[in-house]
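Reviewing the structure listed below.
The values are calculated or read from the model by the stated rules, or taken from the named source; none is laboratory data. Being a predicted model, the structure only gives us computed values, none of them experimental. Here the Cβ positions follow ideal geometry from the backbone for every residue, glycine too, while neighbour counts run over all protein chains shown.
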Amino acid sequence: MLEQTSKRIQELRKEKNMTITALANAADTSRSLISQIEGGYTCPSLQTLEKIVKALDTTLSDFFKVDSQETEENDFVVKADKRQIRYLPDSQNTYYLLSEAVHQNIEFLLTDYPPHSDVDSYEYFAHEGLEFFWIVEGQIHLTVDGKTSVLNKGDSGCFNSRLQHRYVNQSDTCAQLVLFSVKE
């Protein structure tokens, strides 16, 4: 995973004709950290990766997109056994892309949270747009702008994703949720 992440960052940076220093400045991080990440010597935290991806003017979904040589009869359908699977650094969660990237401002994901996932993480996320969620199974603690809600199967909602937020599974069972993120 580290090697793929490192190569992808370097590839996108070069496509955009950015220097390591320019990327570091745009991502509000150090030049040495970008160099270590691209060299495969260190793995970025989720928060750092999110900043780098934003500085490269792409989405996490597009960043982790795998080229598919297969063409489907209906390219607007994603079969369950053909879903792209994503794993983010420093996370136990599994992210399934539920639709092809029909628009770069929309992400539609199914996320599996194993028991006690991200309990020890203090990372929060913030990005442009609105985030919609629906709890499919289990229980999730959602913190948005310092306020925590305990969500159970069937609960849903929406919030301004520019606010600091995170999802945590504190229970002994797996949790699953659907996320739909729209950039404004």
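Residues that are within 17 Å of the chain's Cα centre (by Cα), loosely packed, with under 15 Cβ neighbours inside 10 Å and free of Cβ contacts under 8 Å to residues at least 40 places away in the same chain number at least 1 in the following strands (runs of 3 or more DSSP E) confined to segment 123-184: 156-160.
For residue 1, the criteria (1) modelled with pLDDT under 85; (2) hydrophobic (A, V, I, L, M, F, W, C); (3) surrounded by 12 or more Cβ atoms within 10 Å (Cβ to Cβ) hold in every case but one, which is (3).
Criterion applied to 118, 112 was being in a loop (DSSP other than H, G, I, E, B), at pLDDT below 95 and surrounded by 13 or more Cβ atoms within 10 Å (Cβ to Cβ), and the one residue passing it is 118.
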